[in-house]
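Asks: Before anything else, here's the structure in question.
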Amino acid sequence: MVNYTLVNVVAGGDLGIEVDLHNAFEDMKYLSPSYEPEEAPGLHFELPDTSVTVMLFRTGTYHLTGGENVDQIKEAYNELVDILEEHLGLKVVIEEPDVRNLVYNGNIGQEVNLEAVALDLHEDVEYDPTLSPGLNYRKKEYRGLFTLYRTGSYIYTGNPDPLDAKKALESFNEELRQLLD
């Protein structure tokens, strides 16, 4: 039986303001932020009671990672805005974050001979077992990349559109089912 699960939503945007990251770091100690400008240009912290991590930059751009679904990312964005406005006194431009990447884990329920699959899907496949244990498959008609492993598990990443991702996942699973039957 084939199944897949959305495991990570990555989004981002621009707050329309510049942020003094040193002051933000000092004022947000309760969030245990990380800010090491000599190593990375952003302020990094996890939002309370979520799996969402924020990377905030001086320019006002930000990334949200670790969301379990798109709604959680939207809630995380609203929480970020509240933190910036209430704790730092900043006035931000309110725009929904852009979903940039959806990451799915899946499993087709059986072991796979990757060399045979690579031969059958040759034109859209990159597979070199000396470099990586996974077979990379990029369908021309869908955004994103599938990485299939011998165990039958796979990762699908690189598609920001949930409906397009669902079509790609269903097509990939059907294609594998036909190859493996």
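None of the figures in this text is laboratory data; all of them are computed from the coordinates on show. Please read all numbers here as calculations on a predicted model, not as lab measurements. All Cβ positions, glycine included, derive from the backbone under ideal geometry; neighbour counts span all protein chains shown.
Asks: Check each of the GluC sites (Glu not before Pro) in the range 8-70 and keep only those in coil by DSSP with at most 11 other C-beta atoms within 10 angstrom; list them in order. Write out the running numbers ahead of the final one.
Replies: Details: sites: Glu18, Glu26, Glu38, Glu39, Glu46, Glu68; in loops: Glu18, Glu38, Glu39, Glu68.
Answer by residue number: Glu18, Glu38, Glu39.
Asks: For Rg and Dmax of the Cα atoms in Å, the choices are [x] 50.2, 171; [y] 15.7, 50; [z] 20.0, 61; which was calculated from the structure?
Replies: Label [z] holds the value from this structure.
Asks: Follow-up question, since we're still on this one. Can you give the helix-only mean residue ellipticity at 222 nm for the chain, where every DSSP H stretch with n ≥ 4 adds -39500 (n - 2.57) and the sum goes over all residues, rounded to the nearest 500 deg cm²/dmol?
Replies: So the helix-based figure for the chain works out to -8000 deg cm²/dmol.
Asks: Go through the range 93-181 and name the GluC sites (Glu not before Pro) that are in a DSSP coil and have 15 or fewer other Cβ atoms within 10 Å of their Cβ.
Replies: Glu95, Glu111, Glu141
Asks: If the elastic network links every pair of Cα atoms under 10 Å, which of Ala168, Ala116, Ala76 fluctuates the most in the Gaussian network model of the chain?
Replies: Ala116
Asks: Related question: For Lys140, give me every one of the aspartates and glutamates with a C-alpha distance below 19 angstrom, ignoring sequence neighbours fewer than eight places off in its own chain.
Replies: Reachable aspartates and glutamates: Asp120, Glu123, Asp124, Glu126, Asp161, Asp164, Glu170, Glu174, Glu175.
Asks: Excluding Glu141 itself, what net charge comes from residues whose Cβ is under 12 Å from its Cβ, given Lys and Arg +1 and Asp and Glu -1? Don't skip to the end; give the middle numbers.
Replies: Details: positive: Arg138, Lys139, Lys140, Arg143, Lys167; negative: Asp124, Asp164, Glu175.
The answer is +2.
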